[in-house]
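The structure under discussion appears below in the form of structure tokens.
The values are calculated or read from the model by the stated rules, or taken from the named source; none is laboratory data. The model shown is predicted, which means the values in this text are computed figures rather than measured ones. FYI the Cβ positions are ideal-geometry reconstructions off the backbone, even for glycines, and counts take in every protein chain you see. What goes into the accessible areas is simple: the full protein's heavy atoms, side chains included, and nothing from ligands, DNA or RNA. Shrake-Rupley method; radii C 1.70, N 1.55, O 1.52, S 1.80 Å.
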Protein chains: 4
Amino acid sequence: MNAIIDLSIFPMDKKGESLSPYVARVLDVIRASGLKHELNPMGTCIEGEWDEVMRVVDACFRELEPDSDRIYLTIKADCRRDREDGMNAKVRSVRNKQSRP
Amino acid sequence: MNAIIDLSIFPMDKKGESLSPYVARVLDVIRASGLKHELNPMGTCIEGEWDEVMRVVDACFRELEPDSDRIYLTIKADCRRDREDGMNAKVRSVRNKQSRP
Amino acid sequence: MNAIIDLSIFPMDKKGESLSPYVARVLDVIRASGLKHELNPMGTCIEGEWDEVMRVVDACFRELEPDSDRIYLTIKADCRRDREDGMNAKVRSVRNKQSRP
Amino acid sequence: MNAIIDLSIFPMDKKGESLSPYVARVLDVIRASGLKHELNPMGTCIEGEWDEVMRVVDACFRELEPDSDRIYLTIKADCRRDREDGMNAKVRSVRNKQSRP
């Protein structure tokens, strides 16, 4: 099944520090996967087959694990049979129905 | 405090139908608030003072309430003192730290 | 509309400290509201009318705001017309359908 | 790393039906895993090593996939090195710090 997830993942034991270096490392891992993705201010959307997407989530966790003692993450997933290019289609579909596009 | 939230809200009792008309109505409400916002494939990021942002969440709920018997919503919020233009700053800060920008 | 939410809220700037004192303060605020609620290992479920529940969310935020510079929160809400005692009903309904109760 | 997650997963294409039979099937899968878990009104908390917990998430998805065309899920995870019996410890730790236990 096609899956689109929104992933937020960050260490919780780096509190004086900015979290952006950790988010940047996670984004490098996502990019290396080759899956379609899109950074937003609160997370990163990733699209692929369920298996592929969950492998990337695991890789993101592995990236932070060696130098973190506590990691927080949230995932929101919308999985749909027979969908392709879902990230673009979802946004386009909403835009087309707004009162003023 | 400055708040950036990611909001997803949709009726759960419209299951044969596409949800995009409902998301479009919600997005119209968000736009009417005048707050900075950004649609993504899994939700909409909204930025403002905590009070302002929560008033918009309430307005989105009110928009769907009259013709929905069941509504599901998720909110993820990052609130920070003395931050301005946080949505742009967060994304820029991550981009600047990636191995290949 | 009857709303059941799962709320997690914690300061992100308390380096090295346990978060449980903050969660305890939030739980005191929730309890003071008089609304039905239930602490779980990852959040607290709260049930009431949409307005009542959102007022409690705001009160929880106000509790942490004075001594936090950064607050993270997640809300997951299931809102349903004409439902009463939804927290108990939802759990009971699932239990009744398990293969071995 | 020890992981505690809160998982919600349900089909989005079951118009008019109660979702509890699907949640019951998911709960049976979680129980079969042998991992510590706890149903709450908005999801199920599961505790184990990161790998174990993510295998259960995958098994829950596989349970619903054959007869669902659209699946929605949310995960919230708190992962911590050198923690054991975290679900009980977290709740106890908060209870001990409340103003009236």
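Of A:Asn40, A:Ala24, A:Asn96, which is farthest along the charge dipole of chain A in the positive direction, counting Lys and Arg as +1 and Asp and Glu as -1 at C-beta?
Farthest towards the positive pole: A:Asn96.
In whole Hz, what ³J(HN,Hα) sequence does the stretch D:12-20 give by Karplus (6.51, -1.76, 1.60; θ = phi - 60°), x for Gly and Pro?
9, 10, 10, 3, x, 7, 5, 8, 4
Residues of the stretch A:83-101 with accessible area at least 10 Å² lower in the all-protein-chain context than alone (1.4 Å probe)?
Those are A:Met87, A:Lys90, A:Val91, A:Ser93, A:Val94, A:Arg95, A:Lys97, A:Gln98, A:Ser99, A:Arg100, which lose 10 Å² or more relative to the chain on its own.
Report the Cα centroid-to-centroid distance between the stretch C:55-101 and the stretch B:55-89 in angstrom, as an integer.
If we compute the Cα centre of each part, the gap is 16 Å.
State the percentage of accessible surface on chain C attributable to carbon and sulfur atoms; use a 1.4 Å probe and exclude ligands, DNA and RNA.
Whole-percent figure for carbon plus sulfur exposure: 47.
Between chains D and C, what is the buried accessible area summed over both chains (1.4 Å probe, protein heavy atoms, nearest 100 Å²)?
By this definition, chains D and C bury close to 2800 Å².
Any chance you could list P(r) for chain A, counting all Cα-Cα pairs in 5 angstrom bins from zero, rounded to whole %?
Taking all Cα pairs of chain A, the binned fractions are 2, 12, 23, 21, 16, 11, 7, 5, 2, 0 percent.
Given B:Val57, B:Ser68, B:Cys79, which one lies farthest toward the positive end of the charge dipole of the stretch B:50-95, if we put +1 on the Cβ of every Lys and Arg and -1 on the Cβ of every Asp and Glu?
Final value for the positive-end residue is B:Cys79.
Based on Cβ point charges of +1 for Lys and Arg and -1 for Asp and Glu, what charge dipole magnitude is obtained for chain B about its Cα centre, in debye rounded to the nearest 20?
Magnitude of the dipole: close to 660 debye.
Using just the Cα positions, wrap the protein assembly as shown in a convex hull and report its mean projected area in square nanometres, one decimal place. Each step should come with its number before you reach the end.
Values: hull surface 73.2 nm².
Here the figure is 18.3 nm², rounded to one decimal.
Only Lys, Arg, Asp and Glu count, each charged at its Cβ (+1, +1, -1, -1), so figure out the dipole size of the protein assembly as shown about its Cα centre, rounded to 20 debye. Could the numbers behind the result be given before it?
On the way: 68 positive and 72 negative charges, 0 e Å.
It comes to approximately 0 debye.
Which of the lysines could be linked to A:Lys97 by a straight reach, that is with a Cα gap under 28 Å, when you skip same-chain ones fewer than 8 residues away?
Straight-distance partners of A:Lys97: A:Lys36, A:Lys76, B:Lys14, B:Lys15, B:Lys36, B:Lys76, C:Lys76, D:Lys14, D:Lys15.
Find the chain C residue whose Cβ sits closest to the rotation axis that carries C onto A, and give that distance in whole Å.
Here the value is C:Lys15, 1.
Averaged per residue, what accessible surface does the protein assembly as shown expose to a 1.4 Å probe, in Å²?
40 Å²
Between 0 and 90 degrees, rounded to the nearest ten: what's the tilt of helix D:50-64 against the longest Cα principal axis of chain D?
For D:50-64 against chain D, the angle is about 30 degrees.
Per DSSP H run of at least 4 residues, take -39500 (n - 2.57); add these up for chain B, divide by its residues and hand me the 222 nm value, nearest 500 deg cm²/dmol.
-12500 deg cm²/dmol
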